[in-house]
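Q: Sharing a structure below in structure tokens format, with a few things to ask.
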Amino acid sequence: MAVVFSNTQSNKSSTTSSILPEPIRGSLVLLLTRIFLVMVGTDTIYLSIRVFVFKLNFQVFNGTTVDVIFFFFLICSYLVQIFLIYSVLLHWLNKRYYFESNHLIVKKGIFKTTERIYDLRNLKSVIVTQDIIGEIFHFGTITLAITAPGLAEEISLTEIPHPHKLERQIKKFV
């Protein structure tokens, strides 16, 4: 994961323009795990419904009716999977963190975006938190304490891949 901490000069103008580096997003391992769990969960529910219907007395339904019911539940299962995978993906895309020069930019939202800019010259501490799963799959939470006159705020960057690498780069501002 490359994080760029610099400003660039534009050849077209004499002013310094800042280009945002690639955003830091949540861990891909967590994203793929959530998608996998959605698929397994919906398939388990579908399978449970099929088993339940087979346990019913088949004299109530004929063979064609059972096939139509299974087809209906299969289509519903696919629609629920698509919706849940879309929701998981949007949740992952929702939060983006950028480090540019002496600023942390936190952008949230897809359709309605909120942007907060923090001056890293006011950074007082950097704390990395990882549980056992985070250590195995290399993700964690970075908590930044930023203080300024009239402001004391802790910003949590969650599900950050390789948080110790990013911590070393951030600590250059402390």
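Quick note: the coordinates plus some simple rules give every number you see, no bench work behind them. For clarity, every value in this text was computed on a predicted model and none was experimentally measured.
Q: Using the structure shown, select from Lys112/Lys172; Lys124/Lys165; Lys112/Lys165 the pairs with a Cα to Cα distance greater than 21 angstrom. The partial results should precede the final answer.
A: Numbers: Lys112/Lys172 33 Å; Lys124/Lys165 18 Å; Lys112/Lys165 31 Å.
Where the Cα-Cα span goes over 21 Å, the pairs concerned are Lys112/Lys172; Lys112/Lys165.
Q: Counting only residues 5 or more places away or on other chains, whose amide H sits under 5 Å from the amide H of Asn102 once H atoms are built in the peptide plane?
A: Result for Asn102 returns nothing.
Q: Which whole-Hz couplings ³J(HN,Hα) result when phi for each residue of the range 75-88 is put into the Karplus expression 6.51 cos²θ - 1.76 cosθ + 1.60, θ = phi - 60°, listed in order with x for Gly and Pro?
A: 3J(HN,Hα) across the range 75-88, in whole Hz: 4, 4, 4, 5, 5, 5, 4, 4, 4, 5, 5, 4, 5, 4.
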